[in-house]
Each structure stands twice: as structure tokens, then as C-alpha cells.
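Asks: First, the structure itself, so that you have it in front of you.
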Amino acid sequence: MIKILAITACTAGIAHTYIAREKLENAAKEMGDFIKVETQGSIGVENELKPEEIREADIILIAADIRVNKDRFMGKAVVEIPISMIMKSPKGVISKIHQKLGK
Amino acid sequence: MAVEEILDQRIIDLNMKAKNKEEVLSYLAELLKRAGYIDDLNGYLQDVYLREQEGITGIGNHVAIPHGKSDSVKQVGIAIGKTDQMIEWESYDGEPSNLVFLFAVPRNSEGTKEHLRLISELAGKLGNGVTLEKLRMAKNYTELTNAFL
């Protein structure tokens with residue numbers, strides 16, 4: 001079980017951001033991992049990642065097609081990917097993270 | 001969530017006659033125009049095609065989610081169309097689409113936050129395989145709204 005904190009953000013902030021969140025949550029659940037996904041879309045930031053959650057996370061996953069501020073994640077392992085990778089293969093992405101962490 | 005607030009029968013056609021992407025987008029945009037969601041059909045379509053150029057909107061499982069953020073949009077909404085035949089559509093799984101959700105969102109989203117929130121919740125559900133399968137099987141408005149519950 002790994003603890004993933006993620007951010008999703010697409011160019012329009014209307015659809016992909018939220019679809020990717022759903023896909024990530026379902027994939028992590030199936031794989032037995034913990035995940036919390038913050039969305040940065042048209043309606044602003046939702047499900048915001050909290051400092052104590054960030055402290056405890058194994059990895060920060062940023063799936064975005066726009067710039068996302070990473071100041072909060074200083075000193076943490078951060079993986080940045082285009083949102084299309086989540087749209088195509090959410091489980092594949094999480095498997096890669098497992099490999100990377102060696103867990 | 002009150003899905004009925006967003007899913008407007010006037011802009012849904014589950015027996016859409018269209019043979020290609022252009023026909024699908026024009027037809028659904030026309031529904032949006034007639035129902036008063038957009039005021040400038042061509043302006044809106046231009047913004048939809050602009051978004052199409054920026055990246056893939058075929059999300060897999062034969063579902064596509066084109067969207068236009070446009071000054072032509074007066075009211076947040078989603079036009080939905082289903083065709084008998086498969087439509088060539090760039091997608092993440094390489095498959096064509098026959099169920100299309102065309103999102104209409106105003107460029108200036110101030111004052112539409114509540115509707116945008118409903119739209120984003122609804123969009124999120126499209127990331128769920130079970131929901132997608134129910135949507136693909138839906139033959140009428142009731143089955144369509146139930147798929148989102």
C-alpha cells in the first residue's frame with residue numbers, strides 16, 4: 001500500500017480534470033493504494049491537499065496539461081505527467097509509481 | 001446531485017442521424033442554439049474546434065466529450081447525442097465514438113459556479129467504466145439520467 005497524493009488539471013478545466021480524478025481514484029482503490037486527488041479546474045481548487053497529508057505521502061503525482069505550482073511539495077518525490085496518461089492507463093501509471101518507489 | 005438540472009431533454013437526442021464528426025458537432029450545437037444555451041452558432045463551433053485541436057476528446061469506450069469555452073455560451077449545458085453508426089473520432093483507446101457529450105461553458109464563468117460544479121461532477125462520472133456502460137445502453141432520457149445516479 002502506497003500513499004499517493006495527486007493533482008489533476010487540464011487546459012479547459014471542464015472535463016478531463018474530473019474524469020482523470022475518477023479514474024485515478026478507481027485505479028488506486030483496485031490496486032489497494034491510498035489516494036487523494038486535488039482538482040484544479042474552472043471551479044477552482046477542490047479537495048485541496050493539506051500540509052500534513054503532503055508530509056505523509058509517499059509520492060506526489062501531478063497529472064496536468066497546464067502549469068501547477070509545486071511550492072508545497074519541496075523535498076517530496078514528485079512525478080509529473082500529461083493528463084492523457086491517466087486517461088489512457090491509470091493503472092499503468094500507478095504500477096510505474098510502485099516500481100519507482102520499489103514498493 | 002440534481003442531474004436533471006443539467007440534463008435538458010431539449011438538447012439530448014439518442015437517435016441522432018449523423019455520419020461524421022462535423023455533422024455531430026453541428027447538429028448538437030444547433031440543439032444548444034435552439035434551446036438558448038448559445039447565441040452564436042459559428043462562434044461557438046469555432047471554439048469547440050479550437051479545443052479539438054488542443055487534444056483528444058475521445059475518452060474511450062466509444063464516448064467523446066468535445067467542449068467549447070466560448071463567449072457565445074449564455075448558459076452552462078451539455079448536449080448529448082447518440083448515433084447508430086460509429087463516428088471517426090480521435091480517442092485514447094483508438095476506437096471511434098457513437099455517444100457524444102458536447103459541453104457548453106461560458107468563457108467568463110463568474111456567476112455560473114453552481115452549474116459548473118454540477119458539470120464537473122457529471123464529467124467525473126464519465127471516468128467510471130460502469131457508468132459509461134450504463135450510458136451506452138441508455139435508450140431514453142430516464143435511463144440516461146439514472147446512469148448518472
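Asks: Collect the residues in the stretch B:92-149 that are assigned to a strand (DSSP E or B) and under 17 Å from B:ILE12 (Cβ atoms), keeping them in residue-number order. Working first, answer last.
Replies: First pass over the stretch B:92-149, keeping only residues assigned to a strand (DSSP E or B): B:97-106.
Correct list: B:SER97, B:ASN98, B:LEU99, B:VAL100, B:PHE101, B:LEU102, B:PHE103, B:ALA104.
Asks: Now for a separate question. Only residues in the stretch B:41-59 that are surrounded by fewer than 23 Cβ atoms within 10 Å (Cβ to Cβ) count as the first member; pair them with residues that are among the aromatic types (Phe, Trp, Tyr), Cβ under 8 angstrom, at least 6 apart or cross-chain, and list the lot.
Replies: As it stands, the answer is B:ILE56/B:TYR92, since those pairs meet every condition given.
Asks: From the set of residues in the stretch A:80-94 that are in contact (Cβ under 8 Å) with a residue 12 or more places away in the chain and open to solvent by 50 Å² or more (accessible area, probe 1.4 Å), which is farthest from A:ASP33 (Cα to Cα)?
Replies: Among those residues, the one meeting the criterion is A:PRO82.
Asks: Here is a follow-up. For the stretch B:71-85, which residues satisfy the criterion of being of a type in the set (Ser, Thr, Tyr) and either in contact with a Ser or Thr (Cβ under 7 Å, 6 or more places away or on another chain) or assigned to a loop (DSSP other than H, G, I, E, B) (or both)? Quick ask: steps written out before the conclusion?
Replies: Within the stretch B:71-85, the first condition is being of a type in the set (Ser, Thr, Tyr), and the residues that meet it are B:72, B:83.
B:SER72 - this is the single residue of the stretch B:71-85 that is of a type in the set (Ser, Thr, Tyr) and either in contact with a Ser or Thr (Cβ under 7 Å, 6 or more places away or on another chain) or assigned to a loop (DSSP other than H, G, I, E, B) (or both).
Asks: Right, next: What number of residues within the stretch A:6-31 are away from chain B (no Cβ under 13 Å) and open to solvent by 40 Å² or more (accessible area, probe 1.4 Å)?
Replies: 1
Asks: Scanning the stretch A:45-59 for residues that are hydrophobic (A, V, I, L, M, F, W, C) and closer than 25 Å to B:ARG117 by Cα, which turns out least open to solvent (accessible area, probe 1.4 Å)? If you could, list the steps in order and put the result at the bottom.
Replies: Residues of the stretch A:45-59 that are hydrophobic (A, V, I, L, M, F, W, C), as a first pass: A:45, A:49, A:54, A:57, A:59.
Pick out the ones that are also closer than 25 Å to B:ARG117 by Cα and you get A:45, A:49.
Values: A:VAL45: 81, A:LEU49: 4 Å².
Within the stretch A:45-59, the match that is least open to solvent (accessible area, probe 1.4 Å) is A:LEU49.
The values are calculated or read from the model by the stated rules, or taken from the named source; none is laboratory data. It should be emphasised that the depicted structure is a prediction, and the values quoted were computed from it without experimental measurement. Note that each Cβ is placed from the backbone with ideal geometry, even for glycine, and that neighbours are counted across all protein chains shown. Side chains are part of the model used for accessible areas, which takes the heavy atoms of the whole protein and leaves out ligands, DNA and RNA. Shrake-Rupley method; radii C 1.70, N 1.55, O 1.52, S 1.80 Å.
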